[in-house]
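Asks: Structure in structure tokens, see below.
Derivation of every value follows stated rules applied to the coordinates shown; laboratory data play no part. These numbers come from a predicted model, not from an experiment. Counting neighbours? That spans all protein chains shown, and the Cβs are built from the backbone with ideal geometry, glycine included.
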Amino acid sequence: MLMRKVPVFVPASPWGLRLPQKFLFLLFLSGLVTLCFGALFLLPNSSRLKRLFLAPRTQQPGLEVVAEVAGHPLVREQESPPNPAPAVPAPGEDDASSQASARRRKGWLRRTHPTGTREMATAARSSGSSALRPQGATAPRPQGATAARSSGSAPLRPQEPSIPFSFDFHAFRSRLRHPVLGTRADESKEPQSLVRAQREKIKEMMQFAWQSYKRYAMGKNELRPLTKDGYEGNMFGGLSGATIIDSLDTLYLMELQEEFQEAKAWVEENFHLNVSGEASLFEVNIRYIGGLLSAFYLTGEEVFRIKAIKLGEKLLPAFNTPTGIPKGVVNFKSSIRSWGWAMAGSSSVLAEFGSLHLEFLHLTELSGNQVFAEKVRNIRKVLRKIDKPFGLYPNFLSPVSGNWMQHHVSVGGLGDSFYEYLIKSWLMSAKTDVEAKDMYYEALEAIETHLLNVSPGGLTYIAEWRGGVLDHKMGHLACFSGGMIALGAEDAKEEKRARYRELAAQITKTCHESYARSDTKLGPEAFWFNSGREAVATQLSESYYILRPEVVESYMYLWRQTHDPIYREWGWEVVTALEKYCRTEAGFSGIQDVYSSIPSHDNKQQTFFLAETLKYLYLLFSEDDMLSLEDWVFNTEAHPLPVNHSDSPGRVGGQL
């Protein structure tokens with residue numbers, strides 16, 4: 001049956017549109033809405049809007065993937081809920097994954113970013129398998145953070161993207177040949193021993209120094225114990241908290257857990273790198289970067305690794321010179337220059353540009369950025385090519401021409417740690433860095449030939465050399481050389497080994513004499529061998545003691561090599577003298593004249609007193625497997641950095 005179309009009455013639209021027109025309008029409007037709504041998911045930074053409409057994807061607690069570059073996801077840390085229980089190694093345990101609760105101190109905001117999940121996630125991305133862990137170890141678990149996130153009790157705020165993580169901390173710890181804190185006997189079942197009591201006394205000194213700093217100068221670079229306030233100084237370019245970062249590994253080593261957590265919390269919350277002053281390349285490297293690297297290797301806490309790498313990047317402009325030899329001072333804002341003592345700004349100092357190798361290789365290891373290793377390899381290249389007078393290394397080098405600026409040679413100040421870093425680079429590479437080994441023994445032979453002397457009284461010392469003329473003196477800074485020579489004796493030519501062991505002992509004895517011949521039993525800044533006076537300062541300007549560590553550093557190395565009790569006896573003499581003449585009501589202070597039994601204090605608790613002096617004393621009275629020299633080398637600020645064992649898949653410390 002054919003149906004005719006019957007006209008249908010259609011009421012007029014409120015807008016005056018007929019049905020076909022209305023249909024087309026609604027179709028256009030719905031398309032526009034769909035397009036706008038879809039754009040919310042396509043625009044950058046739309047993750048918050050997505051979370052309003054989409055169920056959250058399952059992901060590692062505390063991690064948010066924000067980008068992927070060359071197949072490596074960049075990970076951003078989400079903020080932890082307020083005051084989560086921080087991770088801290090349990091007493092007597094050395095694995096960073098061990099956890100224990102630490103009380104939250106009044107006035108301290110504490111934020112802990114777990115590291116275990118990140119390490120395992122990275123390993124899974126790179127190898128498809130779980131990360132290696134030391135036997136019996138468990139992965140760190142973020143305490144309280146996961147539950148807070150799942151319940152919505154802690155708002156998530158975007159954080160600055162972190163540095164991609166590619167270092168397997170658990171695998172690294174499994175390769176150590178000794179526990180970090182040593183193998184401990186059950187001390188509760190043993191009678192109180194003298195050595196244990198001495199070690200506990202040194203620990204109490206560290207605790208007192210830290211508590212005094214925290215009370216009067218927290219966040220400042222150093223404590224002034226007489227005036228009970230803090231001191232910033234001008235070496236660090238606006239960076240703060242030098243004492244805190246220098247103290248991290250000492251607090252950890254001595255198992256001062258509450259104090260370590262205080263220091264870590266400050267680094268997390270208050271250590272800022274957005275500074276613009278002029279800083280010493282050398283001092284920032286050995287104290288801040290060295291301290292942060294050590295803290296990471298001891299604990300696995302990501303905050304230390306990230307801060308170290310970012311601070312290392314801020315030092316790179318110092319290398320922008322024609323030779324690649326860095327200037328001594330880096331301006332964090334714009335430019336570079338040198339310290340005034342470096343030939344009116346035209347020279348770089350041997351000890352400064354020669355004491356970057358250990359830390360910069362580890363910066364490359366932990367960041368994957370080869371630029372750090374390339375910078376210090378270039379320094380080696382320049383030094384290998386340049387002519388050296390009688391095989392000696394003068395203290396001043398032009399970063400423009402690559403020529404020596406004057407022929408002043410010293411194993412003390414201005415030259416000291418350059419030699420130290422050669423032998424330690426060899427050891428840190430698990431004895432694969434042959435270039436460093438050759439440079440060290442060649443330099444030592446030149447020193448022995450041209451600088452070594454024996455006084456009429458039978459004291460062996462290393463003089464200073466000025467264009468062929470000797471100054472018959474040693475600085476306190478040169479007293480590290482006894483330990484250095486002992487450390488390198490084993491790998492010398494066979495016919496030289498016994499000689500170097502004896503030389504190390506003789507130099508250390510001479511430095512002890514500089515202490516024994518003062519009224520306070522503390523050593524002067526410099527001491528001479530002339531006019532019938534030996535191992536004593538000859539003028540007041542060299543008679544001060546500023547809590548320096550070099551003598552007790554050599555005691556520690558000689559003790560570990562020989563176990564001769566004389567080194568512990570000498571070390572305890574230093575402890576007694578520090579307590580008697582340097583301890584004040586509010587911390588430890590240097591003294592202005594070691595030959596006066598009535599001390600005049602200099603009102604400064606140096607950062608290296610906590611980083612070096614007390615650490616070396618503590619190790620002197622500890623077992624040899626605590627921070628074993630098979631596993632660790634110490635940078636020139638006594639911060640332990642790991643040896644790259646031959647079974648390591650990485651190249652920590654080697655020829656990366």
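Asks: So what's the net charge close to Trp528: Lys and Arg +1, Asp and Glu -1, counting the other residues with Cβ under 12 Å from its Cβ? Present the calculation step by step, with values, prior to reporting the outcome.
Replies: Values: positive: Lys473, Arg517, Arg533; negative: Glu464, Asp471, Glu525, Glu534, Glu542.
Computed value for this residue: -2.
Asks: Work out, step by step, the length gained on full extension between Ser166 and Glu374: first 0.36 nm times the residue separation, then minus their alpha carbon distance; give nm to one decimal. It would help to have the intermediate numbers written out before the result.
Replies: Numbers: separation 208, 0.36 × 208 = 74.88 nm, distance 1.94 nm.
Between Ser166 and Glu374, full extension yields 72.9 nm more.
Asks: Fully extended, how many nm does the chain gain between Asn320 and Lys431 (0.36 nm per residue separation, minus their Cα-Cα distance)?
Replies: Taking Asn320 through Lys431 to full extension adds about 36.9 nm, to one decimal.
Asks: While we're here: In what sequence, highest mean first, do 246-254, 525-533 appear when ranked by Cβ atoms within 10 angstrom?
Replies: The most tightly packed comes first, giving 246-254, 525-533.
Asks: Show which aspartates and glutamates lie in cross-link reach of Lys493 when reach means a straight Cα distance below 13 angstrom and same-chain residues fewer than eight apart are skipped.
Replies: Asp438, Glu442, Glu445
Asks: Okay, moving on. Between Lys228 and Leu32, how high is the FRET efficiency from 1/(1 + (r/R0)^6) when r is the Cβ-Cβ distance and R₀ = 56 Å? Nearest 0.05. Write out the running numbers ahead of the final one.
Replies: On the way: r = 70 Å, r/R0 = 1.24.
Calculated value: 0.20.
Asks: Next question. Quick one: compute the contact order of region 599-642, relative version, from alpha carbon pairs under 8 angstrom and 6+ residues apart, as a percent.
Replies: The value is 36 percent.
Asks: Taking a cut-off of 18 Å between Cα atoms, list the lysines near Lys388, but don't count ones fewer than 8 places away on the same chain.
Replies: Cross-link targets: Lys437.
Asks: For Glu442, put the label point 7 Å out on the Cα→Cβ axis and report which residues of region 478-497 keep their amide N under 17 Å from it.
Replies: 492-493
Asks: Also, I was wondering about something else. What number, in nm² with one decimal, is the all-direction average of the projected area of the convex hull of the alpha-carbon atoms of region 251-396?
Replies: Projected area, direction-averaged: 10.0 nm².
Asks: Among the aspartates and glutamates, which fall within straight-line cross-link reach of Lys473, defined as a Cα-Cα distance under 17 Å, with same-chain neighbours fewer than 8 residues apart omitted?
Replies: Asp416, Glu448, Glu464, Glu513, Glu525, Glu534, Glu542, Glu550
Asks: Using per-residue counts of other Cβ atoms within 10 Å, averaged over each peptide, order 280-289, 591-600 from highest down.
Replies: 280-289, 591-600
Asks: Give me the one-decimal nm value for the distance between modelled label points at Ala498 and Ala516, 7 Å along each residue's Cα-to-Cβ direction.
Replies: With each label point 7 Å from Cα toward Cβ, the separation is 2.5 nm.
Asks: What does the charge count near Ile289 come to, summing +1 for each Lys or Arg and -1 for each Asp or Glu among other residues with Cβ under 12 Å from its Cβ?
Replies: On the way: positive: Arg287, Arg305, Lys307, Lys310, Lys314; negative: Asp246, Glu283, Glu313, Glu359, Glu637.
Here the count lands on 0.
Asks: Related question: Compute the length gained on full extension between Val454 and Lys333: take 0.36 nm times their separation in residues and subtract their Cα-Cα distance, giving the result in nm to one decimal.
Replies: Numbers: separation 121, 0.36 × 121 = 43.56 nm, distance 4.92 nm.
The Val454-Lys333 span can extend by a further 38.6 nm.
Asks: Over 27 Å between Cα atoms: which of Lys201/Lys604; Lys333/Lys381; Lys327/Lys385; Lys203/Lys375 fall into that group?
Replies: Lys333/Lys381; Lys203/Lys375
Asks: What net charge is computed for the residues neighbouring His512, neighbours being all others with C-beta under 15 Å from the C-beta of His512, Lys and Arg scored +1, Asp and Glu -1?
Replies: So the environment of His512 carries a net charge of -2.
Asks: Now for a separate question. Would you mind putting 230-243, 606-619 in packing order, based on average other-beta-carbon counts within 10 Å, highest first?
Replies: Peptide ranking by packing, descending: 606-619, 230-243.
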